[in-house]
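Everything below concerns the one structure shown next.
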Amino acid sequence: MALSRTVELLPVERSRDGEAVFSAPRTSDETLVAEISCDQSFELFCHRFQTDHLLVLRGAIDLVVLQNRRLRYIPLREDEATWARIPPGVPHGAINRGRTPALLVNAVLRHGPTDPRDYRPLPVPAGLHSRLHSFCSPEMTCWLSWLRPSWR
């Protein structure tokens, strides 16, 4: 079965046990914790052989995806727990328009070998610069920063 090239939003399955609330984990080959800063520049990334499953734990972000030659903005917030499933081949990044860093988890599902190009930023297509800049105010910045020491 071929993988979809459309970003999907999936509800978080939760259960309560006393005062604790538990969320069902996503099937993954690797789980990363990421921090999205408020003070960096926007970058797009495209993974060839991995599906990202993103869930905001603290704060809020606007997930930016490039699909069908258009930028799509998907708001993700801690108080509206939703998994964003980003399939292979979909350029994506994030914008943190808040005043504090956002914290999220990425449950990575691998479909093949890791490619070093997957973690190099892609240029935003020239025809989409004005749309991106109209979405980002001059004083805010946009960037996705995975907390993975081996990539720094």
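For the reader, a short list of remarks on this structure follows.
- Residues of the stretch 65-97 satisfying the condition of being closer than 21 Å to Gln50 by Cα and free of Cβ contacts under 8 Å to residues at least 40 places away in the same chain: Asn68, Leu76
- Screening Leu103, Leu71 for residues that are surrounded by fewer than 19 Cβ atoms within 10 Å (Cβ to Cβ), closer than 29 Å to Arg14 by Cβ and hydrophobic (A, V, I, L, M, F, W, C) leaves exactly one candidate, Leu103.
- Number of the condition not met by Val64 [criteria: (1) touching a Gly at 6+ places or on another chain (Cβ under 9 Å); (2) within 18 Å of Gly89 (Cβ to Cβ); (3) at pLDDT 95 or above]: (3)
- Single match in Glu19, Glu35 (criterion: acidic (Asp, Glu) and touching a residue at least 40 places away in the same chain (Cβ under 8 Å)): Glu35
- Annotation: of all residues in the stretch 38-61 being without any contact (Cβ under 8 Å) to a residue 60 or more places away in the chain and surrounded by fewer than 18 Cβ atoms within 10 Å (Cβ to Cβ), the one that is farthest from Pro88 (Cα to Cα) is Arg58.
- Any hit, the stretch 13-21, residues being under 23 Å from Ala126 (Cα atoms), at pLDDT below 90 and out of contact with any Pro (no Cβ under 9 Å at 6 or more places or on another chain): no
- Scan of the stretch 74-96 for residues that are within 12 Å of Ile61 (Cα to Cα) and surrounded by 19 or more Cβ atoms within 10 Å (Cβ to Cβ), ordered by number: Leu76, Ala84, Gly93, Ala94, Ile95, Asn96
- Selection from the stretch 45-70 of residues that are closer than 23 Å to Pro101 by Cα and hydrophobic (A, V, I, L, M, F, W, C): Phe45, Cys46, Leu54, Leu55, Val56, Leu57, Ala60, Ile61, Leu63, Val64, Val65
- Here Phe22, Phe42 are screened, and the one residue that is over 21 Å from Arg110 (Cα atoms), of a type in the set (Phe, Trp, Tyr) and under 15 Å from the mean Cα position of the chain (by Cα) is Phe42.
- Answer residue from the stretch 67-85, given it is under 24 Å from Leu128 (Cα atoms) and over 12 Å from the mean Cα position of the chain (by Cα) and is modelled with the lowest pLDDT among those: Arg69
The values are calculated or read from the model by the stated rules, or taken from the named source; none is laboratory data. Owing to the predicted nature of the structure, the values given are computational and were not obtained by experimental measurement. Neighbour counts are summed over all protein chains in view; Cβ atoms, including those assigned to glycine, are modelled from backbone coordinates with ideal geometry.
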